[in-house]
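**Student:** Pasting a structure here, questions to come.
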Amino acid sequence: MTSGRRNDESRRDFLEQIGFGAGAISLFGAGFLSVAREASAQACAPPGSTATAKAWRRDNRPIRQRKAASTLSTAEVQKLRDAYKAMRDLSASDPADPRGFAHQANVHCWNCGGIGSTIQVHGSWQFFAWHRAYLYFHERILGKLIGDMEFRLPYWDWDVPAHRKLPPAYATPGDASNPLWNGTRFMGANDEVPEEDVGTDVMDAVLTAADFSDFGGTATSSGIPEGAPHGAVHVDVGGDMGAFGTAGKDPIFYSHHANVDKVWSDWNKGSSTHDNPEASAFLNLRFRFFDENKVWRSISAARVLDHESKLRYSYGPSIESDVLPRLLEWVEVQPPRPVQRTVAIDARLRETLAKAATSGAQVRIHFDGLQVPVDKSAVYSVYADVREAEAARGAQSPAFIGVVPVVLNDKDNRHPTPPERRAVFNVTKRLAQLLERQAPLEFALVERGPRGEKGRVLPLRARAVHFSVAQVE
Ligand code: C2O
């Protein structure tokens, strides 16, 4: 490689780190660039390096299992605490060390559109791949700091009904003597993530998503699980976790995301048709991180797809994989149409859905361009009936169909989140009740307060709605 090309590459890396593509620099010139860089330093400084990133190298560590956080032995909990203590101590003793805890949290802030950054790893197919790479380097650093490269992160398996509380290691003791604790959380040691955010209906819809665009999104849209369960758990834990810019300051973040990563792994294993994208625009996505030796590294999305052989970790079994229905293909039974105030179900659609229900098929309702308030992080319950929305009985209501979470990028909302969401709800079990109603469906959103109390009630607006059904084998 000539030195000219190397310079080009390091310039490009640098521009990307500080949030400018090559196009922007030619438009604005270097003067604007340095101003923008200073301004961003207050919110979250670019966590990268101006050096050329070295390519990620083949990992030869033994494959070790990431375990459920609530099943760790006393010795494993101690090791986890030692690792985070070392990472926190490093931040205090050498704030410039990129392996310190504050720097690690900052990496997430910058990559979710921190002020001054144009990088946004949420809301598109970057979501699963980038977070996998981030956790991988984070895990290696933790291992290095305790001198054990066989250390693996635990995962918080909120999809297991008995594990909906914060894993005890992270919650108790609830004070600064526990390196896994965070004092800003809204969720206490005895609170649980609500069933409607992570329960069977949510997990079924996620794990039976027909293809990667539904599961993991596209270049411009997010997949189903990025909303619920992922975003809902952010809101439920609250505090630092309640906004992307601060989420990395809570150690539970990494355990939450290990489970999100496991869900991806489970989805891949769930069916021979559950493939990752083959488009080179996806495979060639490049993510940059400091490794455990403070070397600035670059890894492509293609390299993270096989976590077991490439990144050297595996997961425990999935509780859903045994109970999930074996689905044949999803078929749209109604072309997308806009939601004005109400959605009429005409006789033919009613008949098709009713038939599907009695033959044991799965039925979903899809919303595109669903409008959500973006003034705060919150979870919205969706009802198919305005009176039921007013009554806000939650999952007990026959008209309740699921939740739509909104997670702000930063608490002050200086880097606004888009006001439209894509949502897909599994309504198989509720279909009979929905069809009983002869009137058109009148959808509404109800803001769910921190203690489950009713907040704002808003008519649902969306660009399009449609139904799909899948025959079960
Ligand atoms: Cu990058 Cu759960 O967020």
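**Student:** Just to verify a result, which residue in region 361-402, among those that are more than 21 Å from the chain's Cα centre (by Cα) and of a type in the set (S, T, N, Q), is nearest to residue 426 (Cα to Cα)?
**Tutor:** Applying the filter and picking the extreme gives 362.
**Student:** Those residues that are surrounded by fewer than 23 Cβ atoms within 10 Å (Cβ to Cβ) and not in a loop (DSSP other than H, G, I, E, B), I need them from region 188-202; list them, please.
**Tutor:** Listed by number, the residues that qualify are 195, 196, 200, 201.
**Student:** So, of the residues in region 95-113 that are open to solvent by less than 10 Å² (accessible area, probe 1.4 Å) and in a loop (DSSP other than H, G, I, E, B), which turns out to be nearest to the ligand (Cβ to nearest atom)?
**Tutor:** Taking the candidates together, the pick is 113.
**Student:** Among what's in region 218-272 and is β-branched (Val, Ile, Thr), more than 22 Å from residue 306 (Cβ to Cβ) and more than 12 Å from the ligand (Cβ to nearest atom), pick the residue that is most open to solvent (accessible area, probe 1.4 Å).
**Tutor:** Here the residue is 220.
**Student:** Has region 419-427 got at least one residue that is assigned to a loop (DSSP other than H, G, I, E, B), within 30 Å of residue 117 (Cα to Cα) and within 22 Å of the chain's Cα centre (by Cα)?
**Tutor:** Looking through region 419-427, at least one residue is assigned to a loop (DSSP other than H, G, I, E, B), within 30 Å of residue 117 (Cα to Cα) and within 22 Å of the chain's Cα centre (by Cα).
**Student:** Now for a different question. Looking at region 121-141, is at least one residue within 12 Å of the ligand (Cβ to nearest atom), open to solvent by 20 Å² or more (accessible area, probe 1.4 Å) and either more than 26 Å from residue 224 (Cβ to Cβ) or not in a loop (DSSP other than H, G, I, E, B) (or both)?
**Tutor:** Yes, region 121-141 has at least one match.
**Student:** Being of a type in the set (S, T, N, Q), modelled with pLDDT of 50 or more, surrounded by fewer than 17 Cβ atoms within 10 Å (Cβ to Cβ) and farther than 21 Å from residue 296 by Cβ is the requirement here; does residue 26 meet it?
**Tutor:** no
**Student:** Right, here's the next one. I'd like to check something: does region 393-406 contain any residue that is more than 16 Å from the ligand (Cβ to nearest atom), without any contact (Cβ under 8 Å) to a residue 60 or more places away in the chain and farther than 25 Å from residue 194 by Cβ?
**Tutor:** Taking every residue of region 393-406 in turn, none turns out to be more than 16 Å from the ligand (Cβ to nearest atom), without any contact (Cβ under 8 Å) to a residue 60 or more places away in the chain and farther than 25 Å from residue 194 by Cβ.
**Student:** Is at least one residue of region 71-93 away from the ligand (no atom under 16 Å from the Cβ) and in a loop (DSSP other than H, G, I, E, B)?
**Tutor:** yes
The values are calculated or read from the model by the stated rules, or taken from the named source; none is laboratory data. The structure presented is a predicted model; accordingly, all values stated were derived computationally and were not measured. Positions of Cβ are generated from backbone atoms using ideal geometry, with glycine treated the same way; all protein chains shown enter the neighbour counts. Ligands, DNA and RNA are stripped out before the accessible areas are found, and what is left, the full protein with its side chains, is counted by its heavy atoms. Shrake-Rupley method; radii C 1.70, N 1.55, O 1.52, S 1.80 Å.
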